[in-house]
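Down below is the structure, laid out as structure tokens.
Quick note: the coordinates plus some simple rules give every number you see, no bench work behind them. Here the structure is a predicted model, which is why all the values come from computation and not from measurement. Note: ideal-geometry Cβ built from the backbone for every residue, glycine included; neighbour counts use all protein chains shown.
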Amino acid sequence: MMVTFFLALLASSAMLTAIMAQQPQELKVNITILHSATAEGAVCLDGSPPAYHLDQGYGSGLLSWIIVVDGGGWCSSISDCQHRSNSGLGSSTNTLPPQVTFSGILHDDSRINPDFYNWNRVRVRYCDGSSFTGDVEDVDPDTKLYYRGARIFRAIMNDLSRKGMQTAENAILTGTSAGGLATILNCDKFKSLLPDDARVKCVADAAFFINAKAISGTLDIQDEYRRVVTLHGSAKNLPLSCTSIMEPSLCFFPRNVVPYVQTPFFIINSHYDSWQVNDTNAVNTSILSISGSIARVI
């Protein structure tokens, strides 16, 4: 009986090992710290250089690129930004792992990611707190904080261009949450950096933030965006076609800005976006209006 048990155990162990061997291994991709960007003032909140992860394409994907922008909210006050500057959301110094796992649309296994597995796949780290829109020349003398998100986006895209993106035939810019908002706000800028005949698309995931009143009746998220735009000097980097007809912080809301985006883009958003329900305290009837708003702007 005991011998039979151990034989069964060994057989089960061998079967489990065989199954695990067939599972796709997660790809670890090294970080690229863009030290050269500091010369143009493109730095994170704490003054450290920006960073990204790149796994280069091959074969049929050699001339195709997919750029994924990290999310992570925004900082709308000096104290908020100070707090972020001590983390990977505001610094690349001693806070970001040297490697990250590429999964989902960044995976290198064709069984998991059949469309993009051999493309040039990039993950852009988010360390400015303004969805890559800020650009304040002066450094805060007390906190030594930098508000330079727009410069970071430009510096990273220019570096990727030097690494082959300038000859791209296909390119996708995408991101989730604050990274998805960065995708919308920088979509046309992204397109302008690529060849005229390149096929370029943008995909914003869970980024259709709505200007809804909180249950208390206050416009909390509108006030939050106004503080972000003011602190980071974002107005100059928002689409002029939008800011010329309304208060700049309102152009942080996708519903107001997407009609002016010229590059083809797609929006992915839940009727019941959990962040908006919980963190902006928006009433459910306002959340339900997301689908109608998307239908009107696409």
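At 0.36 nm per residue, minus the direct Cα-Cα distance, what do Lys236 and Asp140 gain on full extension? Give it in nm, one decimal, please. Don't jump to the answer; show the numbers that get you there.
Details: separation 96, 0.36 × 96 = 34.56 nm, distance 1.91 nm.
That works out to 32.7 nm of additional length.
Which order do peptides 116-122, 272-278, 158-164 fall in by mean Cβ count within 10 Å, highest first? Write down the numbers at each step before the final one.
Working: 116-122: 23.6, 272-278: 14.3, 158-164: 15.9.
Highest mean packing first, the order is 116-122, 158-164, 272-278.
Once every Cα of segment 50-137 carries one equal point scatterer and solvent is ignored, give the base-10 log of I(q)/I(0) from the Debye formula at q = 0.10, 0.12, 0.21, 0.26 Å⁻¹, two decimals.
Here the Debye-derived log intensity ratios amount to -0.33, -0.45, -0.96, -1.21.
Restricting to lysine pairs 8 or more places apart or on different chains, what number in the chain have Cα atoms under 29 Å apart?
So the count works out to 15.
Relative to the first principal axis of the alpha-carbon coordinates of the chain, what is the inclination of helix 2-22, with its axis defined by its Cα atoms, in degrees from 0 to 90 and to the nearest 10?
Helix 2-22 sits at roughly 40 degrees to that axis.
At R0 = 35 Å, how high is the FRET efficiency between Asn86 and Asn278 if r is their beta carbon distance? Nearest 0.05 is fine. Working shown, then result.
Numbers: r = 25 Å, r/R0 = 0.71.
Once rounded, the FRET efficiency stands at 0.90.
Taking N as the number of residues in segment 160-258, what value does Rg over Cα atoms divided by 2.2 N^0.38 Å take? Please list the in-between numbers first.
On the way: Rg = 15.4 Å, N = 99, 2.2 N^0.38 = 12.6 Å.
Working it through for segment 160-258, the quotient is 1.22.
Defining a contact as two alpha carbons under 8 Å apart and six or more residues distant in sequence, what relative contact order in percent does the chain show? Can you show the working numbers first?
Details: 608 pairs, mean separation 52.6, N = 298.
Value for the chain: 18 percent.
Can you find, among Gly73, Ala39, Ile245, the residue sitting farthest towards the positive end of the charge dipole of the chain, where Lys and Arg contribute +1 and Asp and Glu -1 at Cβ?
Towards the positive end, the residue furthest out is Ile245.
How large is Rg over Rh for the chain, taking Rg from the Cα atoms and Rh as the Kirkwood inverse mean of 1/r across Cα pairs?
Values: Rg = 21.6 Å, Rh = 20.5 Å.
Ratio of gyration radius to Kirkwood radius: 1.05.
Principal axes first, then extents: for the Cα atoms of segment 20-177, list largest minus smallest coordinate on each axis, whole Å, largest first.
If we take the Cα atoms of segment 20-177, the spans are 54, 37, 24 Å.
Would you kindly state how much longer the chain becomes between Asp197 and His35 on full extension, computed as 0.36 nm times their sequence separation minus their alpha carbon distance, in nm to one decimal?
Details: separation 162, 0.36 × 162 = 58.32 nm, distance 3.12 nm.
Length gained between Asp197 and His35: 55.2 nm.
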